[in-house]
Amino acid sequence: MSETQSILPPEVLVTGLRLRILAMETTKSKWNTILIGARHNRYLIFDMPKINNMPVRLDDGSRWSVNFITHGQLFTFNSEVLGSTYRPFPLVFFSYPSNVEISNLRNDKRYPVNIPVIIETLGNNPAILTKGLILDLSWGGCLTASSDEIPDNETLNMTLYLDESNTIDKLLVEKKSSRQKQGTFYTGFSFIASNPVSVTDRLAEFLHEIESIPLRL
């Protein structure tokens with residue numbers, strides 16, 4: 001379920017927030033970037049996207065669809081490039097959106113899956129807490145089944161084994177719910193907003209693959 005608000009809530013605009021931008025005109029370019037700052041109702045400041053560590057110029061006046069995930073919600077809005085600067089750092093200024101669509105991720109469609117998973121603590125020498133199965137997967141989280149209970153209030157690493165040679169490593173998750181039935185622990189997790197872009201991109205690719213599978217009757 002999603003709702004449209006007239007103004008982007010300023011409290012979600014935290015410096016360092018990771019965003020994805022998709023060109024709405026001409027070439028369908030898409031980039032990952034980081035929020036550097038904002039002035040409420042005036043503009044947003046993003047780190048200029050880079051290729052091979054070189055900044056990519058975004059044309060003034062070009063229109064983009066912007067989205068980011070935070071606090072278990074997906075924020076999506078349209079914006080326009082106001083201008084760019086290269087000194088002292090390469091930055092690009094986007095218009096402040098007139099409205100934003102907010103979706104509760106765990107209200108998004110959940111895809112039934114059967115994916116082996118290892119859940120570990122963080123750190124250089126992570127400890128394996130449990131091995132289990134992911135039973136459903138969405139853009140914002142997942143449900144696992146395991147024989148061991150997952151501790152509360154701890155950010156954890158997940159490794160998803162999609163097939164023999166295909167994994168998603170070091171996916172950061174947070175426990176949200178848990179129940180036990182006949183010796184099995186069913187645990188709901190949400191995906192942490194600070195996951196590396198490489199990890200979120202890999203997860204997005206896999207979810208797009210699921211969504212593209214034709215319905216068979």
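The values are calculated or read from the model by the stated rules, or taken from the named source; none is laboratory data. Note that the coordinates shown come from a computational prediction; the quantities given were computed from them, not determined experimentally. Cβ atoms come from the backbone with ideal geometry, glycine included; neighbour counts cover every protein chain shown. Ligands, DNA and RNA are stripped out before the accessible areas are found, and what is left, the full protein with its side chains, is counted by its heavy atoms. Shrake-Rupley method; radii C 1.70, N 1.55, O 1.52, S 1.80 Å.
Key figures for this structure:
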quantity: Single unsatisfied condition, Trp64 versus (1) at pLDDT 90 or above; (2) under 30 Å from Ser190 (Cβ atoms); (3) touching a Leu at 6+ places or on another chain (Cβ under 6 Å); (4) aromatic (Phe, Trp, Tyr); calculated: (3)
quantity: Members of the range 133-150 that are in contact with an Asp or Glu (Cβ under 8 Å, 6 or more places away or on another chain) and not hydrophobic (A, V, I, L, M, F, W, C); calculated: Ser138, Gly140
quantity: Residue match in the range 49-63 (condition: in a loop (DSSP other than H, G, I, E, B), at negative phi and under 19 Å from the mean Cα position of the chain (by Cα)); calculated: yes
quantity: Per-region count, the range 151-170, residues in contact with a Leu (Cβ under 6 Å, 6 or more places away or on another chain) and modelled with pLDDT under 80; calculated: 0
quantity: Residues (open to solvent by 60 Å² or more (accessible area, probe 1.4 Å), in contact (Cβ under 8 Å) with a residue 12 or more places away in the chain and more than 19 Å from Ser178 (Cα to Cα)) located in the range 109-143; calculated: Lys109, Leu122, Trp139
quantity: Candidate set from the range 8-28 (those that are assigned to a strand (DSSP E or B) and aliphatic (A, V, I, L, M)); member that is surrounded by the fewest Cβ atoms within 10 Å (Cβ to Cβ); calculated: Leu22
quantity: Residue count, the range 181-194 (criterion: surrounded by fewer than 19 Cβ atoms within 10 Å (Cβ to Cβ), touching a residue at least 40 places away in the same chain (Cβ under 8 Å) and under 18 Å from Ile118 (Cβ atoms)); calculated: 3
quantity: Test: Trp31 is of a type in the set (Phe, Trp, Tyr), more than 24 Å from Phe191 (Cα to Cα) and buried (at least 17 other Cβ atoms within 10 Å of the Cβ); calculated: no
quantity: Leading residue by the ranking (surrounded by the most Cβ atoms within 10 Å (Cβ to Cβ)) among those in the range 46-87 that are over 30 Å from Val173 (Cβ atoms) and among the aliphatic types (A, V, I, L, M); calculated: Leu58
quantity: Residue satisfying condition, being touching a Cys at 6+ places or on another chain (Cβ under 9 Å) and among the β-branched types (Val, Ile, Thr), within set Ile128, Ile150, Ile134; calculated: Ile134
quantity: Residues located in the range 88-101, provided they are more than 22 Å from Val56 (Cα to Cα), in a strand (DSSP E or B) and open to solvent by 10 Å² or more (accessible area, probe 1.4 Å); calculated: Glu101
quantity: Pairs where the first residue, in the range 205-217, is closer than 21 Å to Asn166 by Cβ and among the aliphatic types (A, V, I, L, M) and the second is open to solvent by less than 90 Å² (accessible area, probe 1.4 Å) and modelled with pLDDT of 75 or more, C-beta under 9 Å, 6+ apart; calculated: Leu207/Tyr111; Leu207/Leu137; Leu207/Ser138; Leu207/Trp139; Ile210/Tyr111; Ile210/Val113; Ile210/Leu137
quantity: The range 34-45 - residue that is closer than 11 Å to Phe94 by Cα and of a type in the set (A, V, I, L, M) and, of those, surrounded by the most Cβ atoms within 10 Å (Cβ to Cβ); calculated: Leu44
